[in-house]
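S.K.: Quick one: the structure is below, questions incoming.
The values are calculated or read from the model by the stated rules, or taken from the named source; none is laboratory data. Bear in mind that the values here come from a model prediction, so they are computed numbers and not experimental data. Using ideal geometry, Cβ is built from the backbone for each residue, glycine included, and neighbour counts are taken over all protein chains shown. For the accessible areas, the whole protein counts, side chains as well, though only heavy atoms, and no ligand, DNA or RNA atoms are used. Shrake-Rupley method; radii C 1.70, N 1.55, O 1.52, S 1.80 Å.
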Amino acid sequence: MKPILIILFLFCALQLYNCSSDEALLPEDEDLEQLPDPMYFPPLDPTASWETSSLAELNWNEANLLPLLDFLETKNSKSFIILHNGKLVVEHYMNGHTASTPWYWASAGKTLTSTVVGIAQDQGILNIDDEVSNYIGTGWTSLALDKENLITNKNLLNMTSGLDDSLGDDISAENLEYISDAGERWAYHNVYVKLQDVVASASNQDWNSYFDNNLKDNIGMTGAWIQANDFSVYWSNSRSMARFGLLIAANGTWDATQIVSAEYLNSATNTSQSINEAYGYLWWLNGTSTYRLPQTQFEFTGTLIPNAPSDMYCALGKNDQKIYVVPSQDLVVIRMGDVADDENFALSDFDNELWEKINALTN
């Protein structure tokens, strides 16, 4: 082959190689289509409009929406919301409720306290591994000092304080009695609310001010804490509950602002101790092999809510107040209302029935 032909051959080969290499670096059209949609966050102004996604856009089974809403109405629900990637897909009010009507979160509001504790730890003003007494002083229980000093903030977050849960919800010192060392027993107990005192002491602010300034106002929530006998209960409209669920689903960010660290939330929404696999830091966890429930020391086999996705975690409040977060499906689901069937403190048969209906809509 003549030299000039050899040079031309090598030049063409090199060009073909470069073209094929460049093409290999380009994503396929199919890959581009599979990129997830960015998370949407509504404006901080709670009166502003909230973007929506339609059932058709998501390829959900629209024929199963009405049966779901009928079921909810017959089960004494007042509101129901589904967010997908932050956008409203379903928002429905019933049984005399409206979008502006406040309702109580009950124990679903425990997760608000958990989140604020995480914010305070992120700010370096407290540590969840510290003794509770470091912040609110000794004598906050009736325990001997050496036993009281075993109780850390984390024990209050994961319900392993060792305090006697059979004595009711009064958290005065004389009603907080020893039943085991902290960390050795899981029991659902109202003593978690002492964490609000811990945050107040650590921040040199009252609880309400710290909550408003560091969580509520930063995500556009409305509502207020109301003291009801032994309980500090949060009341708000349903969209405010949805805003909080969205914050958690977005790993603690709100429109690119980190409100609470993803590291803390990861700990909060995974098993927090070895006694109750289905409990994090005041969050309930689906998909574990065993679980325990309030007011019993019995360990149940199986998942918390069999019909729900295994990666779901949730806030469960008395009489079926619900926040469900499903990372694998980019879903936040809210239910407020009266008790669906029988009075309960967290989990009920309603959860599993509801998820059967939700699955029929989304799958």
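S.K.: Taking a label point 7 Å from the Cα of Gln329 along the Cα→Cβ vector, which residues of the stretch 277-295 have an amide N closer than 17 Å to it?
M.R.: Residues 285-288 qualify, since their backbone N sits under 17 Å from the label point.
S.K.: Using 1/(1 + (r/R0)^6) with R0 = 30 angstrom and r between the beta carbons of Asn134 and Thr222, what's the FRET efficiency to the nearest 0.05?
M.R.: Result of the calculation: an efficiency of 0.35.
S.K.: So if the hydrodynamic radius of the stretch 136-246 is defined as the Kirkwood radius over C-alpha pairs, what does Stokes-Einstein give as its diffusion coefficient at 4 °C and 1.567 mPa s, in µm² per second?
M.R.: Once the numbers are plugged in, D ends up at 85 µm²/s.
S.K.: Test of the criteria: in the stretch 244-318, which chymotrypsin sites (Phe, Trp or Tyr not before Pro) are in a DSSP loop and have at most 10 other Cβ atoms within 10 angstrom of their Cβ?
M.R.: Values: sites: Phe244, Trp254, Tyr264, Tyr279, Tyr281, Trp283, Trp284, Tyr291, Phe298, Phe300, Tyr313; in loops: Tyr281, Trp283, Phe298.
Of the chymotrypsin sites (Phe, Trp or Tyr not before Pro), the ones in loops of the stretch 244-318 whose Cβ has at most 10 other Cβ atoms within 10 Å are Phe298.
S.K.: May I pose another question? Report ³J(HN,Hα) in whole Hz for each residue of the stretch 138-151, in order, from the Karplus equation J = 6.51 cos²θ - 1.76 cosθ + 1.60 where θ = phi - 60°; Gly and Pro get x.
M.R.: Couplings: 7, x, 7, 10, 9, 6, 4, 4, 5, 7, 4, 6, 7, 7 Hz.
S.K.: Taking 32 Å as the cut-off for C-alpha to C-alpha distance, list the pairs among Lys75/Lys154; Lys154/Lys216; Lys194/Lys322; Lys110/Lys147; Lys147/Lys322 that go past it. Please list the in-between numbers first.
M.R.: Working: Lys75/Lys154 36 Å; Lys154/Lys216 23 Å; Lys194/Lys322 23 Å; Lys110/Lys147 25 Å; Lys147/Lys322 35 Å.
In this structure, Lys75/Lys154; Lys147/Lys322 lie more than 32 Å apart at Cα.
S.K.: Taking GluC sites (Glu not before Pro) as exposed when DSSP calls them loop (any state but H, G, I, E, B) and at most 16 other Cβ atoms lie within 10 Å, what is the longest stretch of the chain free of them, the sites themselves excluded?
M.R.: Formally, the longest exposed-site-free interval is 58-176.
S.K.: Hey, got the dipole for the chain? About the Cα centre, +1 on K and R Cβ, -1 on D and E Cβ, debye to the nearest 20?
M.R.: Using Cβ point charges on Lys, Arg, Asp and Glu, the chain gives about 340 debye.
S.K.: Here is a follow-up. Rounded if a/c is under 1.5, else prolate if a/b beats b/c, else oblate: with a ≥ b ≥ c from the C-alpha gyration tensor eigenvalues square-rooted, which is the stretch 217-347?
M.R.: On the way: a/c = 1.67, a/b = 1.17, b/c = 1.42.
It comes out oblate by the Cα gyration axes.
S.K.: Short version: what are the Cα gyration tensor semi-axes of the chain, square root of 5 times each eigenvalue, largest first, in whole Å?
M.R.: The three semi-axes for the chain are 44, 27, 20 Å.
S.K.: Per residue, how large is the accessible surface of the chain? Use a 1.4 angstrom probe and give square angstrom.
M.R.: So the chain comes to 46 Å² accessible per residue, rounded to a whole number.
S.K.: Per 0.36 nm of contour for each residue apart, how much would the distance between Asp181 and Asp197 grow if the chain were fully extended, relative to their Cα-Cα spacing?
M.R.: Between Asp181 and Asp197, full extension yields 3.6 nm more.
S.K.: Only Lys, Arg, Asp and Glu count, each charged at its Cβ (+1, +1, -1, -1), so figure out the dipole size of the stretch 197-298 about its Cα centre, rounded to 20 debye.
M.R.: Approximately 280 debye in magnitude.
S.K.: Continuing with the same structure: Which FRET efficiency value, to the nearest 0.05, do you get for Gln205 and Asn76 by plugging their Cβ-Cβ distance into 1/(1 + (r/R0)^6) with R0 = 41 Å?
M.R.: In this case the efficiency is close to 0.60.
S.K.: Tell me the mean residue ellipticity at 222 nm calculated for the chain from its helices only (DSSP H runs of n ≥ 4, each -39500 (n - 2.57), averaged over every residue, nearest 500).
M.R.: Calculated from helices alone, the mean residue ellipticity at 222 nm is -9000 deg cm²/dmol.
S.K.: Sticking with this one: Can you list residues from other chains, or at least 5 along the same chain, whose modelled amide H is less than 5 Å from the amide H of Thr152?
M.R.: Long-range HN contacts for Thr152: Val132.
S.K.: Counting only protein heavy atoms and using a 1.4 Å probe, what share of the accessible area of the chain belongs to carbon plus sulfur, as a whole percent? Please list the in-between numbers first.
M.R.: On the way: 8250 of 16540 Å².
In the chain, the share of accessible area belonging to carbon and sulfur is 50 percent.
S.K.: Below 14 angstrom from the Cβ of Leu145, what's the summed charge of the other residues (Lys, Arg +1; Asp, Glu -1)?
M.R.: Details: positive: Lys147; negative: Glu131, Asp146, Glu148, Asp181.
Taking every other residue near Leu145 into account, the sum is -3.
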